[in-house]
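Read the structure below first, then the notes.
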Amino acid sequence: MSTTEQSTMVVPPGGHEPHAEHAGGGHHTSTGLSNEKMAMWTFLGSECLLFGGLISTFLLYRGKEVVSGPEVRELYDIPFTSVSSFILLMSSLTMVLALSAIQRGNHRQLRTWLLTTALLGSTFVAGQVYEFTAFYREGLGFTTNIQSSAFYVLTGFHGAHVTIGIVMLLSLFVMSHRGSLPTGRSETVEIVGLYWHFVDIVWIIIFTVIYLVP
Amino acid sequence: MALTDDRPVLELTAGEDAERREPLGVFRRPTATTGWRSWLTSVDHKKIGIMYGATAMVFFAIGGLEALLIRTQLATPDGQVLSEQAYNQAFTMHGTTMVFLVIMPMLAAFANYLIPLMIGARDVAFPRLNALSYWIFLAGGLFLYSSFFLGGAPDNGWTSYAPLSNNLAYSPGMGQDFWTLGLQITGIASLASAVNLIVTVINMRAPGMTLMRMPIFVWMSLVAQFLLLFAIPVITVALFLLMFDRLFGANFFNVAEGADPLLWQHLFWIFGHPEVYILILPAFGIISEVIPAFARKPLFGYPFMVFSGVAIGFMGWGVWAHHMFASGLGPVSVAAFSLSTMFIAVPTGVKIFNWIATLWNGKLNFTVPMLFAVALVSQFVIGGLSGVTHSVAPHDTQQHDTYYIVAHFHYVLFGGSMFGIFAGVYFWWPKVFGRMLSETIGKAHFWLMFAGFNLTFGPMHILGLQGQPRRTATYAEGMGWDLMNQLATWGSYLIAASFLLWIFNVVKSRANPPAGADPWDARTLEWSISSPPPAHNFDIEPTVSQLDEWWHRKYGEDDHGVIVRRDDYEWMSVVGPEEGGTSAPPPESIHLPSPSYWPIVLALGLPLIAYGLLFTYWLSALGGLVLIASVYGWSLEPSVDPDAGHGHVEPDRVDDDDDPGTAADPVAAGTTEEPS
Ligand code: HEM
Ligand SMILES: [Cu+2]
């Protein structure tokens, strides 16, 4: 049809530059971003809706009167949870340090920071386990009332996400230890980092919504 | 994480020795690419597409049988064919099957098969993840149907409204749990596939294939995949809450504890309304490829088609509560959702006008795919218009839960999605299997189905307006509903007959003559390679310079500006010399991912976990173990087996960006690039 269109350049602007810098993955893609990283971003987009649904459910029931047992908010230990939230926040910092270590090619430091991050994450999860048992002893079980169900499911899902993150961090640690995480594959650390930061950010939202907003 | 990473870890670092290291002795990497075993382990997007399609057709037959049972029961007043309980199971499983096990996987079949071919890629971004999606989908479907043998099928309708569904007193037995867990499993499949296909479209396009040069089918599938990406987690949450209520005594839908009875409906329809666009947009994409091919004109208003599709994708999120007008939302919400629902008809109308404009003055050729496509347009208009009548809330309160609704959504789902699917099946069949389907049988199939469809669902509009409620096993004599019900039942037998014709056509097609690479003289890249395509799709990564690239390679203008066919056009891949192509053998350097056992093993873990939740936790533990072991095996498995006989990338070609091996095969680049 239109002959003008035919003569336009073969290589679209911003698309497949013949010698665009290779993405970290080492192979060529239309956007320059590696498939793996884009997959993680896409997946995290979907996770937003997962937590969105859980947070909405929690919010819906927070204002409702409960028929049996205590309300969740009567049991909050805000100083305690603030400390464990702070610990989780710090783990984002150490994750950044881990990434920068591998990018500089410092694999010893990488392992140190990976382990620290995993440790901080575990501390947070341990804090959550403690909180759950404390609440349970105060008479707030999973099935006690609508608020308790919503609370345990929301925070439990988040805790599960942190736990999966810890497993990923430890896998990275083992990989690095065995020498299968060379500097050129720093993107793997970056992708795990994306997940980790995401989980942290979600916690900030959850913490604010559950514990801080009156 | 490990699931999405298709790059081998071992190979990169340890080089020579690692290539010979077996990750786990139990499973040697499979190598067969032919024979039945190859289907179990294949990671080829084309095979996976075929498996999706075949499985969906089997479920279509099953769902159809359930529909026949329903219709036979309703043929006369006081029907005695099914007990009320069995009737409930029949319509629940029918609706669930048609939506989740027929239309969604059918569209996944098209997306899997066509997207890489249409964008000029060797495979999807994550081939093993793709296989995993299929096997999880199958596992979920079989799990759902196993309920018939293990204590009763679900019977709360495909919407499973709480508190009917969560309350163990109202729905005892495990049917509802099978529904909850089964859909949870298929949801995982859809989500994984959405991530995979989105990354594929965005990242794996051939040089020059800009977004606005992508075939419209790719666009509509992309929008649908984004809808899935954001809709699936919402139903996931809903299903989890329901599961926790039923299995562990949580209170999310427990009205006695003060739970909000509308929570389920909100979550379900925030998923459910986008879902209907997930079911229809790819079908729109299919007929937007079929109509131009047989009108012998480019699609009218391509950019409008793209933007209206994207607009529908966005607007689909703002209308969910129109399914809840009768539930007491309050006047403000009802007004707002009425309005937003009316607005969404606008981009849909744009599409319909563009199809009509494409047909206008075209040299129309009514092949079977074209017949199905044009039928879609006409029937979807009826379904769309009755949809707009629901957006008027006072109307809706009258029509709610009557057969008028049943008529509406069948005009959309069957007259729309399913006719689009058949248009696509007839259109791409010769590409996929290398043989034409018979036009004569196909036309008989079409006309029977068209007549049967309208005879079945047309009368339901009237029944609905006369007040016959849906989901009700019988009706009394003397309501004035008898004739219309009889017509509808006869129509349903016609549909069944048309389905048998279709199967006959498929069986017979094996003896038909080869179709050749481009039997319809079509427009998009997949027609430029042999039928069926070679495993590596393209010999050379195609370079694209415009929309409908393949068409423009075939046609040029002569000195007078008249469009004429070129004889000397460039094929993009190996087709036999009799078709004008070279018969060059595929280059040795193309590296394809090897088959793998892990997707099917991993998928097995999920129904095990689910059965465990219902029967004994031991099974869940076993399923968890299977899951963990296969994630481990998966991530240690090199994505290309050196012994699989696929040839290797020559080192000097690795840094060449046009190297076909680097497009789909990260390993090929990685092995020589990063020896650190
Ligand atoms: C692509 C094909 C089809 C799709 C997607 C589809 C979808 C559905 C859905 C979602 C429902 C609602 C189930 C519920 O209320 O829980 C339904 C109900 C029904 N379907 Fe289909 N269906 C299809 C084909 C057919 C066919 C071929 C027939 C008849 C021959 C049929 C007859 C019915 C009837 C009579 C009901 C109403 C049951 C009731 O409300 O009592 N459907 N269908
Ligand atoms: Cu809707």
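Pop out the ³J(HN,Hα) list for the stretch A:28-37 in order, Karplus 6.51 cos²θ - 1.76 cosθ + 1.60 with θ = phi - 60°, rounded to Hz; leave Gly and Pro as x.
8, 9, 4, 9, x, 7, 6, 4, 5, 5
In the stretch B:195-214, which residues give up 10 Å² or more of accessible area once the other protein chains are added, compared with their chain alone (1.4 Å probe)?
B:Val195, B:Ile198, B:Val199, B:Ile202, B:Asn203, B:Met204, B:Arg205, B:Pro207, B:Gly208, B:Thr210, B:Arg213
Quick one: which residues, 5 or more positions from B:Tyr555 or on another chain, have an amide H under 5 Å from its amide H? H modelled 1.01 Å from N in the peptide plane, none for Pro or chain starts.
Those qualifying (amide H under 5 Å, at least 5 residues apart or on another chain) are B:Arg566.
Could you grab the relative contact order for the stretch B:231-385? Cα pairs under 8 Å, six or more apart, rounded to a whole percent. Before the final figure, lay out the partial values.
Details: 138 pairs, mean separation 39.9, N = 155.
It rounds to 26 percent for the stretch B:231-385.
Between B:Ser333 and A:Leu170, what's the calculated FRET efficiency when r is the beta-carbon distance and R0 is 41 Å? Round to 0.05.
Working: r = 48 Å, r/R0 = 1.17.
The formula returns an efficiency of 0.30 here.
Each residue of the stretch B:513-521 in turn: what ³J(HN,Hα) in whole Hz from Karplus with 6.51, -1.76, 1.60 and θ = phi - 60°, glycine and Pro shown as x?
Computed from phi, the couplings for the stretch B:513-521 are x, x, 8, x, 5, 9, x, 9, 6 Hz.
Using only the Cα atoms of chain A, build the gyration tensor, take square roots of its eigenvalues as a ≥ b ≥ c, and label the shape rounded, prolate or oblate: rounded if a/c is under 1.5, else prolate if a/b is larger than b/c, else oblate. Intermediate results must be reported in sequence, preceding the final value.
Values: a/c = 3.63, a/b = 1.67, b/c = 2.17.
Oblate is the answer for chain A, as a/c is 1.5 or above yet b/c matches or exceeds a/b.
Normalising by the residue count of chain B, find the relative contact order in percent from Cα pairs under 8 Å and 6+ residues apart.
Worked out over chain B, it gives 19 percent.
May I ask which residue of A:Thr94, A:Val213, A:Leu154 lies farthest towards the positive end of the charge dipole of chain A, with charges of +1 (Lys, Arg) and -1 (Asp, Glu) on Cβ and the Cα centre as origin?
Going by the charge dipole, the pick is A:Thr94.
Using only protein heavy atoms and a 1.4 angstrom probe, determine the accessible area buried between A and B, summed over both sides, in Å² to the nearest 100.
So the buried area, both faces added, is about 5200 Å².
Mind ordering B:398-407, B:237-246 by average Cβ neighbours within 10 Å, highest first?
B:237-246, B:398-407
Per residue, what accessible area does the stretch B:274-386 have, given a 1.4 Å probe and all protein chains present, in Å²?
36 Å²
Place a +1 charge on the Cβ of each Lys and Arg in the stretch A:71-185 and a -1 charge on the Cβ of each Asp and Glu, then give the dipole magnitude about the Cα centre in debye, rounded to the nearest 20.
I would put it at about 800 debye.
Calculate the dipole size of the stretch B:396-519 relative to its Cα centre from +1 charges on Lys and Arg beta carbons and -1 charges on Asp and Glu beta carbons; express the result in debye to the nearest 20. Please report the intermediate quantities before stating the final value.
Values: 7 positive and 6 negative charges, 113 e Å.
The calculated dipole for the stretch B:396-519 is roughly 540 debye.
Ignoring ligands, DNA and RNA, what percent of the accessible area of the protein assembly as shown is carbon or sulfur (1.4 Å)? Walk me through the intermediate numbers first.
Numbers: 22720 of 33540 Å².
Percent of accessible area from carbon and sulfur atoms in the protein assembly as shown: 68.
Hey, can you rank B:111-123, A:179-191, B:559-571, B:466-478 by average C-beta count inside 10 Å, highest first?
Answer by packing, highest mean first, reads B:111-123, A:179-191, B:466-478, B:559-571.
Amide H to amide H under 5 Å from B:Arg435: which residues, 5+ apart in sequence or cross-chain, H placed 1.01 Å off N in plane?
B:Ala515
With the cut-off at 24 Å, tell me which of the pairs B:Lys47/B:Lys508; B:Lys47/B:Lys363; B:Lys46/B:Lys351; B:Lys46/B:Lys508; B:Lys297/B:Lys508; B:Lys363/B:Lys443 have Cα atoms farther apart than that.
Pairs exceeding 24 Å: B:Lys47/B:Lys363; B:Lys46/B:Lys351; B:Lys297/B:Lys508.
Could you compute the net charge surrounding A:Thr143? Neighbours are other residues with a C-beta less than 14 Å from the C-beta of A:Thr143; K and R count +1, D and E count -1.
Once positives and negatives cancel, what remains is -1.
From the square roots a ≥ b ≥ c of the eigenvalues of the alpha-carbon gyration tensor of the protein assembly as shown, which class results: rounded (a/c under 1.5), prolate (a/b over b/c), or oblate?
The shape class here is oblate.
What residues have an amide H closer than 5 Å to that of B:Ser165, excluding those fewer than 5 places away on the same chain, when H is modeled at 1.01 Å from N in the peptide plane?
Close amide H contacts, sequence-distant or interchain: none at all.
Output ³J(HN,Hα) for the stretch B:591-607: one whole-Hz value per residue in order, computed from phi by the Karplus curve 6.51 cos²θ - 1.76 cosθ + 1.60 with θ = phi - 60°, and x for Gly and Pro.
Those phi angles translate into 10, 10, x, 6, x, 8, 7, 4, x, 6, 5, 4, 4, 4, x, 5, x Hz.
Just the accessible area for B:Met220, please: 1.4 Å probe, Å², rounded to the nearest 10?
0 Å²
Quick one: putting +1 on the C-beta of Lys and Arg, -1 on the C-beta of Asp and Glu, what dipole do you get for chain B around its Cα centre, in Debye to the nearest 20?
Dipole size: approximately 1960 debye.
Roughly how many Å² is the accessible area per residue of the stretch A:99-191, as a whole number, for a 1.4 Å probe?
For the stretch A:99-191, the per-residue accessible area is 41 Å².
Sort chain B into rounded, prolate or oblate with this rule: let a ≥ b ≥ c be the square roots of the eigenvalues of the Cα gyration tensor; rounded if a/c is under 1.5, and if a/c is not under 1.5, prolate when a/b is larger than b/c, oblate otherwise. Mind showing how you got there, number by number?
Values: a/c = 1.87, a/b = 1.26, b/c = 1.48.
Here chain B falls in the oblate category.
Measuring with a 1.4 Å probe in the full set of protein chains, what accessible area per residue, in whole Å², belongs to the stretch B:159-263?
23 Å²
The values are calculated or read from the model by the stated rules, or taken from the named source; none is laboratory data. What you are looking at is a predicted structure, and each value in this text was computed from that prediction instead of being measured. Don't worry about glycine lacking a Cβ; one is built from the backbone with ideal geometry, like all the others, and counts go over all protein chains shown. These area figures cover heavy atoms from the full protein model, side chains too; ligands, DNA and RNA do not enter into them. Shrake-Rupley method; radii C 1.70, N 1.55, O 1.52, S 1.80 Å.
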